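Okay, structure first, notes after.
The values are calculated or read from the model by the stated rules, or taken from the named source; none is laboratory data. These numbers were taken from a predicted model, which means no experiment stands behind them. Cβ sites come from the backbone with ideal geometry, for glycine too, and all protein chains shown count toward neighbours.
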Amino acid sequence: MTDVLRPTAKRRGAQIEPANRFEPAHREDDFEHREHDEELLASARVVETQFIPDHSKSLLTENSSPDIPFRWSINPYRGCEHGCVYCYARPTHEMLGMNAGIDFETKIMVKLRAAELLRAELSSPKWRPELISMSGVTDCYQPAERKFRLTRGCLDVLLEARQPVALVTKNALVLRDLDLIREMATLGLVHVAVSLTTLDAELAHTMEPRTSPPAERLRAVRELSAAGVPVGVMVAPVVPGLTDSEMPNILRAASAAGARAAGYILLRLPWNVEPVFVDWLQRSYPLKQLRVESLIRQMRGGRMNDGNFGSRMRGQGVMAEQIEHVFDVFTKKFGLDGDLPELDYTQFRPPRPPSGQLSLFS
């Protein structure tokens with residue numbers, strides 16, 4: 001069941017406040033009998049972003065999922081203003097006492113000490129260099145990064161330490177940091193993956209309202225590649241009945257822009273992502289709703305989501321196999337079926353610790 005939040009909130013993906021599964025009580029706005037109050041309705045359509053200081057005492061997060069190819073990740077922000085209706089990270093906001101709908105994209109937790117915390121963790125004698133992913137949960141180049149510059153601060157520390165990193169984003173803002181990323185690339189310290197869900201600008205605008213348009217993401221691939229940065233494209237998520245037919249054209253465009261590799265992930269709808277996505281589907285593509293939901297269930301064992309390791313990323317059944325086959329054929333055709341060059345972990349050197357005091361034994 002979904003709860004209507006307000007008259008359509010401008011430039012927001014979620015339009016509902018699904019009940020937090022950890023909270024015993026749930027509040028919802030009631031606009032009944034207020035349809036003639038134009039001032040109220042106008043104010044309800046504008047939901048401003050709130051930036052809330054996050055006082056986390058560590059930055060590196062350890063992951064043990066067997067189907068995720070990294071152990072350590074960095075997320076300078078919790079919540080994401082991009083507002084993608086399908087974002088699997090939405091339920092993480094429920095752990096903070098908020099909801100996976102409008103709260104996730106309007107109440108952004110900001111780790112203001114991100115670079116300082118990273119410096120402390122990399123300078124610890126316990127740290128042994130291995131891959132770090134930036135954006136393991138939320139996008140490190142979401143709009144908040146323009147103001148807070150936390151990702152850039154972390155890149156400064158990573159470059160100083162010669163610590164390899166893989167960046168994942170769907171925002172062309174990554175080009176702002178091309179000076180640092182180019183230098184890291186010359187040292188074999190960085191990969192960049194640009195997420196490209198669709199080439200349809202209108203679909204992207206409704207499904208991913210505050211991300212960079214598809215053309216801008218391809219520009220980011222092109223400029224990163226031209227600068228010598230190993231860059232790949234993630235066709236993620238693949239939304240059956242909406243974007244799956246675009247896969248060949250997305251891969252063609254990515255290859256033409258200079259991408260060297262590609263991957264894909266099938267749409268995932270864990271917990272309260274499902275009501276947010278279904279509500280969006282009803283509002284935006286009502287004539288396609290039944291087909292999209294049917295295809296999802298065909299690939300998820302009759303359910304709208306499959307949380308099992310392995311199958312959760314690729315799905316099961318004939319339709320899932322067809323998507324995988326198309327991906328394999330066209331990545332090979334466009335030269336995207338290889339891997340990005342290996343990163344170099346031999347250059348690591350502990351950065352200067354936050355205190356500025358060097359070790360006697362360094």
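No other residue among A100, A115, A204 is part of a loop (DSSP other than H, G, I, E, B), modelled with pLDDT of 95 or more and of a type in the set (A, V, I, L, M) apart from A100. Annotation note: Cβ proximity below 9 Å between a residue of segment 131-146 that is over 16 Å from V190 (Cα atoms) and a residue that is β-branched (V, I, T) and buried (at least 24 other Cβ atoms within 10 Å of the Cβ) (sequence gap 6+ or interchain) occurs for D139/T169; D139/T211; Q142/T169; Q142/T211; E145/T151. Pairs linking a residue in segment 51-62 that is under 19 Å from P164 (Cα atoms) to a residue that is assigned to a strand (DSSP E or B) and not aliphatic (A, V, I, L, M), with Cβ atoms under 8 Å and 6 or more positions apart or on different chains, are L60/W72; L60/S73; T61/W72; T61/S73; E62/W72. Within segment 216-231, the set of residues being crowded, with 23+ Cβ neighbours inside 10 Å and within 11 Å of R260 (Cβ to Cβ) comprises V221, L224, V229, V231.
When G228, G188 are checked against the criterion of being in a loop (DSSP other than H, G, I, E, B), in contact (Cβ under 8 Å) with a residue 60 or more places away in the chain and more than 19 Å from the chain's Cα centre (by Cα), G188 stands alone in meeting it. A residue that is touching a Ser or Thr at 6+ places or on another chain (Cβ under 7 Å) and not polar (S, T, N, Q) occurs nowhere in segment 95-102. Is it true that S64 is surrounded by fewer than 14 Cβ atoms within 10 Å (Cβ to Cβ) and more than 15 Å from V110 (Cβ to Cβ)? Yes. Across segment 153-185, the qualifying residues are those that are part of a loop (DSSP other than H, G, I, E, B) and in contact with a helix residue (DSSP H, G or I) (Cβ under 7 Å, 6 or more places away or on another chain), and the one among them that is surrounded by the fewest Cβ atoms within 10 Å (Cβ to Cβ) is Q163.
I'd like to verify a number: residues in segment 198-215 that are more than 23 Å from R146 (Cα to Cα), of a type outside the set (A, V, I, L, M, F, W, C) and in contact with a Pro (Cβ under 7 Å, 6 or more places away or on another chain), how many?
1
Note on segment 257-280: residues that are of a type outside the set (D, E, K, R) and free of Cβ contacts under 8 Å to residues at least 40 places away in the same chain amount to 2.
For segment 82-106, enumerate the residues that are more than 14 Å from the chain's Cα centre (by Cα) and buried (at least 20 other Cβ atoms within 10 Å of the Cβ). Residues satisfying the conditions are H93, E94, M98, N99, A100, G101, I102, D103. A count restricted to segment 201-214 and to residues that are in contact with a helix residue (DSSP H, G or I) (Cβ under 7 Å, 6 or more places away or on another chain) and surrounded by fewer than 22 Cβ atoms within 10 Å (Cβ to Cβ) stands at 3. For segment 260-296: of the residues being among the small types (G, A, S) and not in a strand (DSSP E or B), which is farthest from D328 (Cα to Cα)? Looking at residues that are among the small types (G, A, S) and not in a strand (DSSP E or B), I get S284.
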